Amino acid sequence: MAIARSMDAGATTILERDDELRELSACLAEASAGVGSFVVVRGEAGIGKTALVDAFLSGVPGETAVYRTLCDGVSTPRPFGPIHEIAAQLHGELPRVLEDGSPRHAVNARVLDCLNRVSSVLALDDLQWADEATAELLAYIARRVAGMPLLVLATLRDDDEPAPPIRRLLGQLAGTRAVRQLALRRLSPAGVARMAAGTDTDAAELYQLTGGNPFFLTQVLEAGSGRVPVSISDALTARLARLTERGRAALNAAAVIGSRSEPWLLAAVAGEDVLGADDCIDAGLLTTGQMVAFRHELTRVAVLEQLPVFRRISLHRRALEALERGGTTDAARLAYHAEAAGDGAAVLRYAVPAAEAAMRAGAYHQAAEQLRRTDRFMDRAEPAQQARVLEMLGSVLYSVNRMPEAYDVRQRALSLRRRIGDAMGIGVNERELAKLEYWRGEGAQGRTRLLHAIGLLELLGESGELAQAYAFHGALLCEQDREAARAWLHRALELGRRVGEPEAVAMALNQLGGMALIQGDDHGEDLLLESLELAREHGLYERAHAALFNLAIVFAERREPVRARTYLDQLVDYVSGVQVERCNLDGVRSAIELDTGAWTDAERSAGRALVYARTPSDDQALALTVLATLAIRRGQGEWRSLLDTAEGVVAGYGDFGYFAPMIAARAEAAWLEGTLSGMIPRLAEGFTWARATKNPWRIGEFGMWLWAAGDMARPPRGAAEPYRLAVAGDRRGAAAAFDARRMPYAAALALAMSDEPSELQDAHQRLATLGAGAARALVAAKLRAAGAPVPRGPRPATRRNPAGLTDRELEVAQLISEGLTNRQIAGALILAEKTVAHHVSAVLGRLGVERRTLVGAALSAAGQPG
């Protein structure tokens, strides 16, 4: 069950891991045949994850290419950190591609191509410390690995809450078929006894204290005192005490440098004490090869904890100086040592380019961390430099959904620009503050500030910054006054082209294309694709993501789910995870799934969307509306509170368009309850808005409900065809038109509004299949009133899911497997946190596991997606 180093031979002994090794061997055989997989080897610190991988790799056939790398938890890493280490092995041109700061999607494609040539194993240690760009790359590979001759092995320490990029990655991996989870267990009492054989340590006492953790066991046994220490730290301290003074000095230097070090750098930092590294290697604390590395990260952590503060600062200064002399281009590494050395000038010199490199790779969380390094050294910079750093930080914080922090940072930048009298800087920061105010629900205040910013920028003459302000103002008007919006957007387009500002041009094309497409003008797709190509050409990730997102959401609004999903999938591959997170693709996906009848998926996607949504935000409102609509259709009572919350969330925007889906949901609920006439005023308001914005699907939807309420006599002009047919009385034709667009509930609803028994019976069957209990009950009542037979619904399932969980427990278990906390699960499922805690206890008990990190593997073993 565990792997531990043998005490007498220094070799690797396999204990109780035969099943895991057989599974990895089977995965490799499948990969060699072109059916790849992604295996996450997970468990607590010291459980033997890396040792298992070592043992497996030692038996990999020579014709299989093996690439071994690791994520370094010492500092905020540079983008694609683990890939830099193996870049030259993968392909001769890859180091140049990485150093040139190529777009993230281009790096992903190049790495994928390198791994798709021959049978390969990519082994990556310490996934929990992966930088954001690497996490996105791994998700990209996982989506494609099933068709590749590739086995990916990633070790994951799962006893701590993962960082946002890793939490998002684990969620993506949990829903990917080619991903397998290997959750490692501790040694059994028999295994501990085998390890302790031949020593003076009592095996039973050893097991009771360590619980069978192999790293703790190894430290105790290698300390050789015969006394069982009370903690891993105590055990390590006993081993470190046996080192020579020179050996301890070398180990201190290695710990400061990181998990691994170049031999020349260790020599530069340790000085003459580097000779003591041999003592550390002999003691099994370090390993050597092309790099000098700690055998286990827990050892490095223990060394750092015991290192005196000023000694640590001195070693970081030596590391910084050595790296500078060596000409390293890794700004993130330099910034780490500069901060730890307290060298403010060096922090300002390196943190900003490190952040810029992270932004180019779409690693916005890392960019924010790099810029935050500068906080305590800001007083050493000129006001203009301070403002530039704060403006970068404001943009990054906006991208990672940290809106309150972004607002505060922009306010500080604005104050600095005012102090130095920088008119352009003042105008730009006023514009960005307007954007933040709008997105946090202060629409009126944001619009006022934006017009003020435009006035300031216009005084300075034509500029790209002014063109961007025009484009943003046009975007805000799209749901209020389409003609005024077009005027502002064309103004932005013309100015942007004159002054050579591609971002403003891309933004204007995006909004103009979206408006045209929603109104049925297919030329809008061309405009959006032009915006996308322009953004790609100039490396404008925000604009590229906006174009793809608009294409996805507009085709969803046009009830063309196949095309919507096509662009949604492109978006996932192209933009970074935080952009996907901020744009909340799960919310859009849930709306598509709702329309297409995939209600279980819709519920899950909406729950995930709520975990990541800005609050308040349209993302949050969309997810809440999907959940409310599902509750209405299933006959569940919580829909009112969900819609009330959703409407409250978007109330501050001042755009009626955000309320349209909520009004439609309330109308459906009122129809089911027989109170639709009370909705006529709001439906009329929605219908007026829909006609003003020339949205055929909303014209048709509101028109149908007004007709059902007796307030409209004929099909409304401009309505989408299925709704026009429904209002005209052609129920079968309407159902066929909805079916053609893969909208089963809308088709059933069209039939349910009939008085013809055969059409009602058809509707009843369709609604039963969907699980739409409320509408099904209404249709059954209509059939009985007409004296017509009510069809029998599908037979209830008599077999529980193989894991023995209730439906709610299964939902909770799947979210646990994605790495969500109780609080996040509560938000996703709209439950009290205390209720979630009860469900979690039940899940662990039914699955027979002690820790939530083992739930995913237990679900997989039970035949459930985990």
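Name all residues of the stretch 653-691 having a backbone nitrogen under 20 Å from the label point set 7 Å from the Cα of A781 along its Cα→Cβ direction, giving them as ranges.
665-680, by backbone N distance to the label point.
How large is the charge dipole for the chain, taken about the Cα centre, if only the Cβ atoms of Lys, Arg (+1) and Asp, Glu (-1) carry charge, to the nearest 20 debye? List each step's numbers first, then the result.
Details: 98 positive and 108 negative charges, 314 e Å.
So the magnitude is around 1500 debye.
Tell me, in nm to one decimal, what length is gained between A109 and E685 on full extension, where the rule is 0.36 nm per residue of separation less the Cα-Cα distance? Mind dumping the intermediate values first?
Numbers: separation 576, 0.36 × 576 = 207.36 nm, distance 4.88 nm.
Additional length available on full extension: 202.5 nm.
On the full set of protein chains, 1.4 Å probe, figure out the accessible area of E339 and give it in Å² to the nearest 10.
50 Å²
Quote the accessible area belonging to L451 in square angstrom, nearest 10, computed with a 1.4 Å probe and with ligands, DNA and RNA left uncounted.
90 Å²
Projecting each Cα onto the charge dipole of the stretch 347-482 (Lys/Arg +1, Asp/Glu -1 at the beta carbon, about the Cα centre), which of L451, S399, A471 comes out farthest on the positive side?
In the stretch 347-482, that residue is S399.
Per residue, what accessible area does the stretch 361-508 have, given a 1.4 Å probe and all protein chains present, in Å²? Don't skip to the end; give the middle numbers.
Details: 5770 Å² over 148 residues.
Per-residue accessible area for the stretch 361-508 comes out at 39 Å².
Please turn the phi angles of the stretch 335-350 into ³J(HN,Hα) values with the Karplus equation 6.51 cos²θ - 1.76 cosθ + 1.60 (θ = phi - 60°), one per residue in order, whole Hz, x for glycine and proline.
So the Karplus estimates, Gly and Pro as x, are 5, 4, 5, 4, 5, 5, 7, x, 8, x, 4, 5, 4, 5, 6, 10 Hz.
Relative to the longest principal Cα axis of the chain, at what angle does helix 245-257 sit, 0 to 90 degrees, rounded to 10?
20 degrees
Can you give the alpha-carbon Rg of the stretch 239-395 over 2.2 N^0.38 Å, where N counts its residues?
On the way: Rg = 17.1 Å, N = 157, 2.2 N^0.38 = 15.0 Å.
Computed over Cα atoms of the stretch 239-395, the ratio equals 1.14.
Between beta-carbons, use under 15 Å as the cut-off and find the net charge around R447, counting Lys and Arg +1, Asp and Glu -1.
Values: positive: R431, K435, R440, R449; negative: E430, E432, E437, E442, E479, D481, D655.
Once positives and negatives cancel, what remains is -3.
With the crude spin-label approximation of a point 7 Å out along Cα→Cβ, what separation in nm comes out for A33 versus E560?
Roughly 4.1 nm, to one decimal.
At a threshold of 8 angstrom on Cα-Cα distance, excluding pairs fewer than six apart, so keeping six or more, what relative contact order does the stretch 664-703 reach in percent? Please report the intermediate quantities before stating the final value.
Values: 21 pairs, mean separation 14.5, N = 40.
Taking the mean separation of contacting Cα pairs over the length of the stretch 664-703, I get 36 percent.
At a probe size of 1.4 Å, how large is the accessible area of V572, to the nearest 10 Å²?
Around 30 Å² of this residue is reachable by solvent.
Treating cross-link reach as a plain straight distance, find the aspartates and glutamates whose alpha-carbon is under 20 Å from the alpha-carbon of K834, omitting any fewer than eight places away in the same chain.
E161, E638, D807, E809, E811, E818, E850
Just to be sure I understand the model, the point goes 7 Å from the Cα along the line to the Cβ. What's the resulting H490 to D18 distance in nm?
Each label point lies 7 Å from its Cα, and together they span 7.9 nm.
So the label point goes 7 Å from the Cα of T328 along Cα→C-beta, right? Which residues of the stretch 78-114 then have their backbone N under 17 Å from it?
78-87, 99
Percent of accessible area on the chain owned by carbon and sulfur, 1.4 Å probe? Walk me through the numbers before you get to the answer.
On the way: 16900 of 33910 Å².
Result for the chain: 50 percent of the exposed heavy-atom area is carbon or sulfur.
Compute the helix-to-body angle for 618-634: its Cα long axis versus the longest principal axis of the chain, expressed 0 to 90° and rounded to tens.
70 degrees
Can you find, among S531, L153, A606, the residue farthest towards the positive end of the dipole of the chain? Put +1 on the C-beta of Lys and Arg, -1 on that of Asp and Glu.
A606
Between helix 773-785 and the chain, what is the angle of the helix's C-alpha long axis to the longest principal axis, kept within 0 to 90° and rounded to the nearest 10?
Roughly 30 degrees between the two axes.
Take the Cβ-Cβ distance between A692 and R349 as r, set R0 to 41 Å, and report the resulting FRET efficiency rounded to the nearest 0.05. Show your work: numbers first, answer last.
Values: r = 55 Å, r/R0 = 1.33.
Taking R0 as 41 Å, the efficiency between A692 and R349 is 0.15.
Taking the alpha-carbon centroid of each part, what is the distance from the stretch 39-83 to the stretch 361-378 in angstrom?
Taking the Cα centre of each part, the stretch 39-83 and the stretch 361-378 sit 27 Å apart.
Restricting to Cα pairs below 8 Å that are 6+ residues apart, what does the relative contact order work out to for the chain? Please round to a whole percent.
Values: 1458 pairs, mean separation 71.5, N = 866.
The value is 8 percent.
Multiply the residue separation of D521 and L304 by 0.36 nm, subtract the distance between their alpha-carbon atoms, and state the gained length in nm to one decimal. List each step's numbers first, then the result.
Working: separation 217, 0.36 × 217 = 78.12 nm, distance 6.35 nm.
That pair, D521 and L304, stretches by 71.8 nm at full extension.
Need one word for the stretch 70-169: rounded, prolate or oblate. Basis is the Cα gyration tensor (sqrt eigenvalues a ≥ b ≥ c); a/c below 1.5 gives rounded, then a/b vs b/c decides. Before the final figure, lay out the partial values.
Details: a/c = 1.75, a/b = 1.28, b/c = 1.37.
It comes out oblate by the Cα gyration axes.
S758 versus E483, label points 7 Å from Cα toward the beta carbon: distance in nm?
Taking the two extended label points, one gets 4.9 nm.
Considering Cα pairs under 8 angstrom that are at least six residues apart, work out the relative contact order of the stretch 43-121 and quote it in whole percent.
Values: 41 pairs, mean separation 27.3, N = 79.
About 35 percent, as a whole number.
Among all the lysines, which ones have a C-alpha under 29 Å from K435's C-alpha, if same-chain residues fewer than 8 places away are not counted?
In chain and number order, the partners are K694.
Need the C-alpha centroid separation for the stretch 492-519 versus the stretch 246-299, integer Å.
So the two Cα centres are separated by 56 Å.
In whole Å, how far is the Cα centre of the stretch 145-223 from that of the stretch 84-118?
Centre-to-centre (Cα) distance: 30 Å.
Just subtract the alpha-carbon distance of A837 and R380 from 0.36 nm times their residue separation and send over the number in nm, one decimal. Provide the component values of the computation, followed by the final result.
Values: separation 457, 0.36 × 457 = 164.52 nm, distance 4.88 nm.
That works out to 159.6 nm of additional length.
Determine, from the Cβ-Cβ distance of D278 and R194 and an R0 of 41 Å, the FRET efficiency 1/(1 + (r/R0)^6), rounded to the nearest 0.05.
Details: r = 31 Å, r/R0 = 0.75.
After rounding to 0.05, the efficiency reads 0.85.
Determine the shape class of the chain: with a ≥ b ≥ c the square roots of the Cα gyration tensor eigenvalues, call it rounded for a/c under 1.5, and otherwise prolate if a/b is greater than b/c, oblate otherwise.
Verdict is oblate for the chain.
From the helices alone, meaning DSSP H stretches of at least four residues, give me the mean residue ellipticity at 222 nm for the chain, per-run term -39500 (n - 2.57), in deg cm²/dmol to the nearest 500. The partial results should precede the final answer.
Numbers: 46 runs with 559 residues, N = 866.
After summing the helix terms and dividing by the residues of the chain, the value is -20000 deg cm²/dmol.
For the stretch 458-559, what does the alpha-carbon gyration tensor say about shape, rounded, prolate or oblate, given a ≥ b ≥ c as the root eigenvalues, a/c under 1.5 as rounded, and a/b over b/c as prolate? It would help to have the intermediate numbers written out before the result.
Details: a/c = 2.28, a/b = 1.37, b/c = 1.66.
Oblate is the answer for the stretch 458-559, as a/c is 1.5 or above yet b/c matches or exceeds a/b.
The values are calculated or read from the model by the stated rules, or taken from the named source; none is laboratory data. As the structure is a prediction and not an experimental result, all values here were calculated from the model. Quick reminder, even Gly has a Cβ in these numbers, built from the backbone with ideal geometry, and neighbours come from all protein chains shown. Heads up: the accessible areas ignore ligands, DNA and RNA and are worked out on the full protein's heavy atoms, side chains in. Shrake-Rupley method; radii C 1.70, N 1.55, O 1.52, S 1.80 Å.
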